[in-house]
1. Given the conditions (1) in a loop (DSSP other than H, G, I, E, B); (2) within 20 Å of the chain's Cα centre (by Cα); (3) not basic (K, R), which single one is not true for A:T37?
2. With respect to B:S219, determine if the residue is among the hydroxyl-bearing types (S, T, Y), over 12 Å from C:T551 (Cβ atoms) and at pLDDT below 80.
3. Among the residues of segment B:8-42, what is the count of those that are within 14 Å of chain C (Cβ to nearest Cβ) and within 19 Å of B:H123 (Cα to Cα)?
4. Surrounded by 14 or more Cβ atoms within 10 Å (Cβ to Cβ), in contact with a Gly (Cβ under 7 Å, 6 or more places away or on another chain), at pLDDT 65 or above and within 14 Å of chain A (Cβ to nearest Cβ), is that true of C:F82?
5. Name the residue, out of A:I396, A:I413, that is within 14 Å of chain C (Cβ to nearest Cβ) and crowded, with 16+ Cβ neighbours inside 10 Å.
6. Which of the residues belonging to segment A:44-57 are touching a helix residue (DSSP H, G or I) at 6+ places or on another chain (Cβ under 8 Å) and either crowded, with 18+ Cβ neighbours inside 10 Å or under 17 Å from A:E226 (Cα atoms) (or both)?
7. On the given criteria, is A:N178 in contact (Cβ under 8 Å) with a residue 60 or more places away in the chain and either surrounded by fewer than 20 Cβ atoms within 10 Å (Cβ to Cβ) or assigned by TED's automatic domain parsing to the domain that holds A:E245 (or both)?
8. Give me the residue from segment C:260-302 that is part of a helix (DSSP H, G or I) and of a type in the set (K, R) and, out of that set, surrounded by the most Cβ atoms within 10 Å (Cβ to Cβ).
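The values are calculated or read from the model by the stated rules, or taken from the named source; none is laboratory data. Since this is a predicted model, take the numbers as computed values, not measurements. Reconstructed Cβ throughout: ideal geometry from the backbone, glycine too, with neighbour counts over all protein chains shown.
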Amino acid sequence: MSNTVYGGDEVNAIILDPGTYNTRIGYAGDDFPKIITPSYYGEYSNKDTTKKLFGQDLLIPRSNFEIKPLLKEGLISDWDSTILQFNHLFNQLKIQQSEQPLLLTEPIWSSTEYKTKLIESVYENWQFSGFYVAKVPTCISFQQGRPNCLVVDLGHDTISVTPVVDGICLIKNSMKTNYSGKFLNSIIEDYLQDKNIVWEPSYKIKSKTITKYPEPAQFQLKSGIETTNSYSQFLKLQMYHEFKELLMIPEKGQTEFPKRIFELSTGQQITLEKERFQFADCIFEPKSYEFKNKQLELPPSNGEIKNLNPLNEYRPLKRFKKSEQEENETASTTPNPDVEVRGLSQLITHSLNLIDIDLRSSIANNIIVTGGVSLIPGLTEKLYHELTNNNPGLKIRLHAVGNQQERINQSWIGGSVLASLGTFHQMWVTKQEYEEVGIDRLLNQRFR
Amino acid sequence: MSSNSRRIKFISISVPILYGNHAIKLTPDKRKPTTPQDHTHEWTVFLKPVLGDIDLTPLIKKVTFKLHETYENPIRSIETPPYQVTETGWGEFEIIIKIHFHPGVDLGINEKNFQIFHGLKLHPYNPQHPKRENGEVHSILYDELVFNEPTDKVFEILTRKPCNLLPFKLSSENKRDQEYIRPDETDELNRLDVYIDKIKVEIENQRNQYKELEEAKISLINS
Amino acid sequence: MSANDILDVLNISRDDNQPAKKKQKTSTPTDNGKPLTGMARELYNLVGPNTPPINLSSSNYISNKGKQNRQFRPSPWSKVNFTPGKHRNIQLKHWVKGSEELLKQENESDEKKEYFFEKFNIKLDIPEFIDEEKYETYMNEFKDDFREEQFTKRKAERMRQLEEQKKQKKIEEKKEEEKRLEEKKEAEKQEEVKQDIKKEGETKQEENFLEEKKEEQKMGEKSVEPSVEPSKEPSEPVITEEEQRSEDEKIKEEVKKELVQFDWSYQETKELFNLCQIYELKWPTIHDRFPSNHRVEDLKEQFYRICVKILETEENKNQNLIDSLKAFSKPRELERKQYLENLLKRTPAEIAEEESLVIEARRFELAAKKMLLERSNLLTLLDSPQSTQNVSQYQSSQGISNLYNNLMIYDKHQKKKQAHQQKQEPIPPPIPLAASSSIRRDKVFQTNLQQYLASFLKQAHHTNPAIKQEANSIQQLLSKRLTQKEEEAYGLHYHGTEKLTPGVTLRSQQKLPGSNQRQSVLKSVSAVFQEMDLPTAGGTMWKPVMPTRKTMSKYDELLRSVVTMLDIKRAKDKLEAEIKLIKSQKGMQ
């Protein structure tokens, strides 16, 4: 029986993993989600009716068609639309709600109100036989099969660093900044604006000629289609994505910067030389890029998650005993409580230092790097070097899944693993229990 | 009785023995009808104490001579003196002579009865030995049986008569290659002494040289 | 064409009676009611009424796999409801091997089987949390205990400190007084001198002066003494009551500050216990989920404290558990963690430094060991006898006489080794040992060997006085009074303290004591022997032509000297090489 070997006991649960960029849904026990759809919805207003569209329908250009995001920083911001989207997805999969339990994922920085609203919405809107909310780092640790680990998630909106002990996330020691995919998008936007590069979505282009920057782009637009700004912005995400695929993390002391040519939809070709490396390096050194358009700039964040604990008082942080030379070089890596900005490696180091000393070595040995942004070449190597330099006593070991698609969808896969374990099935919460016990106690007792 | 099995420490008794073989060419008259045609020599391999009148039978149970496997019953066991085996043959091979002592607590000899390897010699091998017409060849070696920490019984047996005596001169001139006499020993000792002196001189030389060199080295370092 | 046609063509008549005779049981296909179709029909037409031995049927063309598949029925799986866990009321479905009927039977026959994974749901056994009253009493108990303990401890310390301070003061005062006295003396002396100068060389005055000086000295001493005495009187300084009171207050304040660690509300502790139960005492998680900002050690401390109290009031006390809980010491844990932190934070330079220190320490240890070894060697070389046995046995008069005897025997052995033998008297008739006072008399004239044998006999004799001693061979031998030469003639040899293995060996096969060298050395020695034309018998068996005891020992001597020579030669060569090297270095310089 597969029970005894893998501890698995499939009950056909549904795993739903909403992210800022994409929402994933599929069956537990599968190694890949069935549907991956962007976390956006399109609102089509036509006289009296407003219709909301999801999925592939979003890409079709229409007039009066606004595209809005569903989630922000991993938390659902537009509840009604999200519920509609979930319905749409459930229908696509033809789920029999009464026969199947549902597992939803959430980030660790969700507040009590958010959790309450989430659980209420699920129970009121649907009739799943069982429901559970799992934290994203827990799922990832289960996917990797490492009960003690440090999950470094480089997602679209946020970079989060969370220690996981025995499968349970430690919230107090977690860190989160916004210097991630979206931040890179804004850097790219700033760069293009600065260079006065024009961009138009490809559906609008009637004809174009290949030009090389700094020659101005030569293209002709189609006429007659009026789309909203948000629609264009939505399509621009695609362009950002292509641009980001060219990024590469530089090695220390790298002098040669191989160039790549990026062709816009307008036919204009931009040669990217050191910009490729400079932008990517912002993940490690967020302050290294000077925004020309200050509006695009992000507020400085040192990673501490503020709203978690009202009693999260200032805790004196321990200092490094470094030689002076080192101090001069890495001024921004001193764990100074007054530090404004923390790049990736500083985040991880800081989080490590907050962990109980007994666990620190085993956690440092199991650092899992996940998320789409982590696919940038050179990121894991540089991260490893910086971490070992900053933590001479610890044995650092990074784990990053090789398969691209797996790495992007790692949290969903983790949820799939979790929900197919035989020992997990006692965690499902039924609607009956929800009605009996009430939301507060549930939060306290069950959804820990 | 306890005293019999007591070992006398710090004492050793030695008994000189001779072992080896004679060989003589087979003349037609010596040949027996059973002698194969290709046998060329008749030989005798033996083991005996130097002095003819010493009786080792209380100690030695038997002496076995292990011949080449082509011989019938290659292990010949002799239980009474004279301990010897006479055979005919054509080839030279190694004979293993084994002395088996009487086992038992009395004698306290429970050693793995040791072996002597002797190469049978049929042809003249030593230019110093006189050549003989009848092809007589003798290969005889001297050795001593040393009994360490003998028990009382052994002690008693071996001290009935002085065993360690060697004749002082050859019984006859042409037995040079068969017998060992006392002067042989002294000759050897003298020879060894000469060598020892030589070496000592050499040692002195080396020492002096060493000292000189040391001084030279020190002066070199200091200069 | 059918078989009949062929037969006709060939003019062969068919024997139709045969089938009836043979009583063929197998029915021919032609007996079937159904008309055959296709290949089968053609085939049977060709073959004829005789059925072939092989059963030709169209089923051969059906794939074997399919047939096998049909024969093999897969085991049925059924989707059944189950309830994971005892407390949850959720009904989930999963696939279980076995047909529905079978499973239903199983379910009905025995009791409802527990869910397979239920056994992994372990819960820790944590003492139940108590109610508020008890809690308050416990906490107050803690506080009181703590207060008292700390109070007494600190008071004692403070008292000690004060005493020491006072002592110090007194000592200092004494010193100051002494200083003052000395200064006085000096001043007085100077005055004296002045007076001296004033007065003019009158002996009387001088005498007076001297006297006065003496008196001064006496006075000085006297004046010193009384001042010393009062300071000696109070050996313990008196601490006034006022001082005590002020100290007490100070201590109370300090203790109050420390009482903060007991500042746990009932609710907090309840929450703590709850979390401990849920998270199965996994402290990092508990600490993470605990609302307020205590450190892990604080949580642990509080938990263990309360548990101790709870467990103590239980009936079956598990004293081991209680003791182990009590063993938790918060300051120690904090210290330990601080050490670990510092350990982690060592820079690579520090780590390298530590490693080099460790290596050096090890080197020192080795050197120290070597030195000790050499020292002990030296001591043994110096031949100081070590007393390894208990000395007390020699402390009685009998003990001393025993010791004396032993020493004499030992001494004799030593002497035998070195002393020369002497000539013998003519052999007297054998005398029984008992009456052998003459043996003792003639000891001097015995050879080493005989002396040894005599003593050997004596020992044997003493050990078995009851047994009738036969005139054994040794006695006989002794009685012969051999000269040394005669001894040799017997082949006897006394080896003294040399180690002898009992048994029989062949002289030539004896291993020379000098040949205890490395293989390389032995090889060079044999090379030297070959040069010198000594019989080496190939390899390590140096066999003289005539192996007697003397020749063997001579051989040994030769061997040793050759080894020595080789050693020296090697050292000399090394030196030469060094000199060459130095020369070349110097030359280059």
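1. Of the numbered conditions (1) in a loop (DSSP other than H, G, I, E, B); (2) within 20 Å of the chain's Cα centre (by Cα); (3) not basic (K, R), the odd one out for A:T37 is (1).
2. Numbers: among the hydroxyl-bearing types (S, T, Y): yes; over 12 Å from C:T551 (Cβ atoms): yes; at pLDDT below 80: no.
In short, no.
3. 2
4. Details: surrounded by 14 or more Cβ atoms within 10 Å (Cβ to Cβ): yes; in contact with a Gly (Cβ under 7 Å, 6 or more places away or on another chain): no; at pLDDT 65 or above: yes; within 14 Å of chain A (Cβ to nearest Cβ): yes.
No, not satisfied.
5. Details: A:I413 fails: within 14 Å of chain C (Cβ to nearest Cβ).
Checking each option against the conditions leaves just A:I396.
6. To start, the set of residues in segment A:44-57 that are touching a helix residue (DSSP H, G or I) at 6+ places or on another chain (Cβ under 8 Å) comprises A:52, A:54-55.
Correct list: A:F54, A:G55.
7. Details: in contact (Cβ under 8 Å) with a residue 60 or more places away in the chain: yes; either surrounded by fewer than 20 Cβ atoms within 10 Å (Cβ to Cβ) or assigned by TED's automatic domain parsing to the domain that holds A:E245 (or both): yes.
Yes, satisfied.
8. Only one residue fits best here, namely C:K300.
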